[in-house]
Amino acid sequence: MEPIKLKHLLTVEDLSLNEVIGLINRANEFKHHRATFKLNQAVFATNLFFENSTRTHRSFEMAERKLNMEVIQFDTNTSSVNKGETLYDTVLTMCAIGIDIAVIRHSQEEYYKELVDQNGITCSIINGGDGRGQHPTQCLLDLMTIQNEFSHFDGLKIAIVGDIRNSRVARSNAILLNQLGAQISYCGPEIWYDETFNQYGKRENLDDILNQLDVVMLLRVQHERHENKDSFGKEMYHANYGLTMERYKQLNSKCIIMHPAPVNRDSELASECVEAPQSRIVEQMRNGVFMRMAVLEAICLYRGFIV
Ligand code: CP
């Protein structure tokens, strides 16, 4: 397979299925120390996180350092964002000082439309999450985790559970899993569902399908995006929609538990389920570094930083 080359990574629709499989294969080569690469010049990356992050921010930084990039730090709290600098002006500045690749997380959906191909914006952009929009690298690392478990996607029965309407992870995963032939079921409160997801799967009751699932993909309750923050108490949500220990025991022994994290323990899932044998939540975090290395490398290949 030809090496994957990417100018930007903004949404999962930017990728063909061949590119998705190619990135998974390359991420696995990084994971198993089978990849060789060499930058032919200094490459400068920055991570512009306007929303909080532990995994995405730090695993991108880890990936950049493993690829021998120079990482230029940026902190919204101490930057000129606090003096009213716009996103465009921040990125324009980063490009002017020599940044090649910017990973950006922002609460504004499709924030990248005001940046890509605009005057002075010369860097490649990787979307680290745009509001309720998409989270393409989380999706790719999730697909890597599923592929490594089952070696295929076609016909897998996957439940996406929880706050679907507010989840960029759910949207990116539903789009690509559907294209890859998985059967997607959406479970959780109706008030947190969005009918635009109907095109990729169907709503079902989690208790009706628990023992048929290959993957139960739990979502974080996105309290910060709710207008009525108290729509469910933690205990009520857990009992009605969460992966309780009782539900865990009904899963098929081959079914894996996934969650993009951060997890709300004893809300989306029983705390014991996070480290349970069928959980792949920590493996998702580990895979995130290698998948982000594959994406960064694809951008370096496009830009001629690797020959
Ligand atoms: N899964 C994920 O995006 O986690 P962070 O918000 O910690 O980056």
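The values are calculated or read from the model by the stated rules, or taken from the named source; none is laboratory data. Bear in mind that the values here come from a model prediction, so they are computed numbers and not experimental data. So basically every Cβ, Gly included, is an ideal-geometry build from the backbone, and we count neighbours across all protein chains shown. Accessible surface areas use protein heavy atoms only, side chains included; no ligands, DNA or RNA. Shrake-Rupley method; radii C 1.70, N 1.55, O 1.52, S 1.80 Å.
Quick look at the values:
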| quantity | calculated |
| --- | --- |
| Spin-label pair Leu39/Ala239, simplified geometry with 7 Å Cα→Cβ offset, distance in nm | 5.4 |
| Surface/4 estimate of mean projected area, convex hull on alpha-carbon atoms of the chain, nm² | 15.7 |
| Residue order for Tyr241, Tyr112 - accessible surface, 1.4 angstrom probe, largest first | Tyr241, Tyr112 |
| Point-to-point label distance, Glu114-Thr78, nm (Cα→Cβ direction, 7 Å offset) | 2.6 |
| Inter-probe distance in nm under a simple model that places probes 7 Å from Cα toward Cβ, at Ala276 and Ser231 | 2.6 |
| For the range 166-307: rounded, prolate or oblate by the Cα gyration tensor [a/c cutoff 1.5] | prolate |
| Computed FRET value (nearest 0.05) for Thr122 with Asn68, which takes r as the C-beta separation and R₀ as 25 Å | 0.70 |
| Violating pairs (Cα-Cα greater than 18 angstrom) within the set Lys157/Lys254; Lys202/Lys249; Lys5/Lys31 | Lys202/Lys249; Lys5/Lys31 |
| Bridge type composition, the chain - antiparallel percent by DSSP, nearest 5 | 5 |
| Rounded to 10°, Cα long-axis angle of helix 136-150 versus longest principal axis of the chain | 50 |
| Directionally averaged shadow of the range 90-138, computed from the convex hull of its alpha-carbon atoms, nm² | 3.2 |
| Computed FRET value (nearest 0.05) for Ser16 with Asn52, which takes r as the C-beta separation and R₀ as 22 Å | 0.10 |
| Crossing angle, helix 55-66 versus the chain [Cα axis fit, 0-90 degrees, rounded to tens] | 40 |
| Cα centre as origin, Lys/Arg/Asp/Glu Cβ charges: the range 163-307 dipole, Debye | 560 |
| Rg over Rh [alpha-carbon atoms, Kirkwood Rh] for the range 64-113 | 0.97 |
| Sequence of His152, His259, His33 from largest to smallest accessible area, 1.4 Å probe | His33, His152, His259 |
| Per-selection metrics, the range 1-42 (Cα): Rg and Dmax in Å | 11.8, 31 |
| Heavy-atom accessible area ranking, 1.4 Å probe, most first, across Arg292, Arg165, Arg303 | Arg165, Arg303, Arg292 |
